[in-house]
Amino acid sequence: MTRLIAIAATTAVILLIGITYYMTTLSGDDDQFAQCRASSVAGGAGQIGGPFTLVDETGKTVTDKDVIDKPALIYFGYTFCPDICPLDAARNAEAVEILESRGTMVKPVFISIDPARDTPEMLAEFTEYLHPRMVGLTGTQEQVKAASQAYRTFYQAQKPAEGEEDLYLVDHTTMSYLTLPEHGFVEFFRRDVTAEQMADRIQCFIDAS
């Protein structure tokens, strides 16, 4: 578990630097969301996010256009995750609840990076427990990889112990991504952001859009 935490922490730092690079070097100075950002990172990262095709909890094939039909908060994880994913997804669900109480609707989305085990049925049970409007997505290995690459995320399954091939952990990115239908990806949130802070920042982005 110590090794998992160390790898996840290192990966998160590397990805954060990468995303910051994309957002600062590939965007212009005219950032309509500048007042919403919690750091000095510039906005308009057109290199993050993009088209994807996945399978929803009912077994229906969907695209990014179907999923991001309203402001959406996207997280890449897996249902067998022992602690990190449930906590992050629960935090996201809480932020969505806070926003809904203010009259702002945001769609919580959970994309599995473990399609070998995460069937649509597994995702339906997982997301229903966390939030009734949370959308769970899986797909083929190729579909999931393409979605992950579109959002510049990382994941890698650990080698399971002999005789326990179905009992493995997956190292992965632990950030959440805010997307808007008319703008695509606009911001990411790290694990240390509280539900209240996330809700306030998301509200700012939606108001500014």
* Are any residues in region 147-201 over 21 Å from Met105 (Cα atoms) and of a type in the set (Gly, Ala, Ser), and if so, which ones? -> Ala147, Ser148, Ala150, Ala157, Ala161, Gly163
* Within region 48-145, which helices (runs of 4 or more DSSP H) (wholly inside it) include 1 or more residues that are in contact with a Gly (Cβ under 6 Å, 6 or more places away or on another chain), within 28 Å of Glu196 (Cα to Cα) and open to solvent by less than 70 Å² (accessible area, probe 1.4 Å)? -> 84-101, 120-130
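Quick check on region 146-160: of everything there that is part of a strand (DSSP E or B) and not hydrophobic (A, V, I, L, M, F, W, C), which residue is least open to solvent (accessible area, probe 1.4 Å)?
The first filter runs over region 146-160 and keeps only residues part of a strand (DSSP E or B), leaving 155-157.
Then keep just the ones that are not hydrophobic (A, V, I, L, M, F, W, C); that gives 155-156.
Working: Tyr155: 57, Gln156: 104 Å².
Ranking the qualifying residues of region 146-160, first place goes to Tyr155.
Only one of Gly139, Gly163 is of a type outside the set (Phe, Trp, Tyr) and closer than 17 Å to Thr58 by Cα; which? Quick ask: steps written out before the conclusion?
Working: Gly163 fails: closer than 17 Å to Thr58 by Cα.
Gly139 is the lone residue from the list that is of a type outside the set (Phe, Trp, Tyr) and closer than 17 Å to Thr58 by Cα.
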* Asked: Which one is farthest from Ile113 (Cα to Cα), of the residues in region 161-171 that are open to solvent by 10 Å² or more (accessible area, probe 1.4 Å) and not acidic (Asp, Glu)?
  -> Gly163
* Near pairs, Cβ below 7 angstrom, 6+ apart or cross-chain, from region 92-116 (farther than 15 Å from Ile74 by Cα) to any residue that is of a type in the set (A, V, I, L, M) and open to solvent by less than 10 Å² (accessible area, probe 1.4 Å) -> Ile98/Ala195; Ile98/Ala199; Leu99/Val106; Leu99/Ala199; Leu99/Ile202; Asp114/Val170; Pro115/Val144
* With respect to Thr179, determine if the residue is open to solvent by less than 60 Å² (accessible area, probe 1.4 Å) and part of a strand (DSSP E or B). => yes
* Structure fact -> The one condition Ala195 fails out of (1) buried (at least 16 other Cβ atoms within 10 Å of the Cβ); (2) closer than 21 Å to Ile113 by Cβ is (2)
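The values are calculated or read from the model by the stated rules, or taken from the named source; none is laboratory data. As the structure is a prediction and not an experimental result, all values here were calculated from the model. A quick note on method: Cβ atoms are made from the backbone with ideal geometry, for glycine too, and the neighbour counts reach across all protein chains shown. Remember, those area values only see protein heavy atoms, side chains included, never the ligands or the DNA or RNA. Shrake-Rupley method; radii C 1.70, N 1.55, O 1.52, S 1.80 Å.
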